[in-house]
1. Between Arg279 and Tyr23, what is the spin-label point distance in nm, taking each point 7 Å from the Cα along the Cα→C-beta axis?
2. Any chance you could run the full-extension gain for Arg286 through Leu111? It's 0.36 nm times the residue separation minus the Cα-Cα distance, nm to one decimal.
3. Label 7 Å along Cα→Cβ of Glu136; region 84-125 residues with amide nitrogen under 15 Å?
4. If packing is taken as the mean number of other Cβ atoms within 10 Å per residue, what is the order of 270-277, 245-252, highest first?
5. Per residue, what accessible area does region 81-153 have, given a 1.4 Å probe and all protein chains present, in Å²?
6. For Ala42 and Ser118 in the same chain, what is the full-extension length gain: residue separation times 0.36 nm, less their Cα-Cα distance, in nm?
7. In nm, to one decimal, how far is the modelled label at Glu188 from the one at Glu233, with both set 7 Å along Cα→Cβ?
8. Contour minus end-to-end for Ala322 and Glu144, with contour as 0.36 nm per residue of separation and end-to-end as the Cα-Cα distance?
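The values are calculated or read from the model by the stated rules, or taken from the named source; none is laboratory data. Everything quoted here is computed from the prediction, not taken from an experiment. Please note: Cβ atoms are built from the backbone with ideal geometry, for glycine as well, and neighbour counts cover all protein chains shown. Just so you know, the surface numbers come from the protein's heavy atoms only, side chains and all, with ligands and any DNA or RNA stripped out. Shrake-Rupley method; radii C 1.70, N 1.55, O 1.52, S 1.80 Å.
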Amino acid sequence: MNQILSGVVPVLAPAAWAVRVRYGAVAVTTVLGVVSVVVTVAVWFLGRWVEGDRWPGLLGLVELAVLLLSVVVSLRAEDGPRCAAAAWTACGAVALWLTRFAFVEGPADALTLFGFGSSLSLPAVLTGLYLRGLDEGRRKAVAEAKRAQRLELAHDLHDFVAHDVSGMVAQAQAGAYLAGIDPAGAAEMFQRIEQAGQRALASLDRTVQLLRSEEGAGRGPQPGLAALAEVAERFTATGGAEVRLELPEGPVPREVESTVHRIVVESLTNVRRHAPAARTVEVRARRSGGRLELTVTNDGRAPAPSGRPRRGGGSGLPGLVARVEALDGSLEAGPYERDAWRVTAVLPLEDVGAGPARA
């Protein structure tokens with residue numbers, strides 16, 4: 001009659017698995033381990049089984065498989081004292097399973113039980129820990145990818161919105177001056193301010209939309225060298241320094257294109273903020289021995305117009321240095337000749353060959 005007990009854990013396993021989502025794998029493993037131990041103790045008192053009994057042996061193998069699988073699932077799903085207690089309970093039940101057939105007499109039998117339990121439990125424990133390590137690695141990789149994506153969006157916000165806003169500030173200063181002496185010119189200036197504000201709002205809308213999306217899906221291609229002509233034209237049209245642009249012909253790797261665009265936009269933004277006396281900004285991108293050499297130079301020697309430049313630094317150049325170094329390039333910024341300032345970047349690219357061309 002006591003052989004009926006061999007089916008308790010196998011019968012209980014489907015119900016336990018069904019409630020696993022609600023109560024957790026650790027709780028299910030603990031319950032199955034405790035039930036298995038209770039069955040073993042009941043067999044001790046009701047009479048041990050005979051090794052030749054068919055059904056206790058077959059159902060016992062199913063019970064061992066259920067316990068070991070529950071250990072794997074628990075260790076994969078959770079960490080901490082509760083999980084350790086559940087694993088010890090289930091593994092202990094596996095080790096005690098042999099005592100349903102024979103008494104434990106002396107150290108030799110105890111060593112046999114320990115070896116039996118270890119040989120079955122250790123692979124299950126290692127498998128659960130390995131799977132948990134894989135899951136944690138995937139979670140960290142996803143979190144790092146999302147963090148990198150959000151940092152990239154933050155760089156977009158800084159590069160493009162700050163550029164438009166700094167232009168708006170400069171034009172507002174000029175517009176306030178023109179309002180008293182040239183109302184028509186002031187009206188045109190304020191129209192440009194409105195256009196720059198609309199571009200800044202559009203950039204903000206795109207960035208916020210991407211930040212709200214889980215994976216940043218739908219993100220458009222990053223601007224490249226072709227967009228620099230429009231950037232230079234808008235910068236010059238605001239009444240500040242004249243931008244002279246020289247770009248290479250032929251294809252350039254996408255990563256290099258977007259990086260060059262960022263460097264130029266950041267450099268022009270810094271000219272607007274910190275060098276209002278500049279009258280000319282030269283932007284030159286040339287191929288040289290499998291590399292693209294970019295220089296952005298402003299003269300900075302003309303007298304400053306009315307209004308104060310914005311004080312303080314930002315995170316633009318340090319972020320660009322990290323981006324350029326990630327492409328195995330280099331970026332430097334500092335004084336050039338007398339009062340001028342130059343940003344120099346060298347970026348590796350494929351040797352596709354082309355000569356410089358005026359834009």
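1. 8.5 nm
2. 55.3 nm
3. Once the point is set 7 Å along Cα→Cβ of Glu136, 84 turn out to lie under 15 Å by backbone N, inside region 84-125.
4. 270-277, 245-252
5. 61 Å²
6. Gain in length upon complete extension: 25.0 nm.
7. The two pseudo-label positions are separated by 1.6 nm.
8. My answer for the length gained is 62.4 nm.
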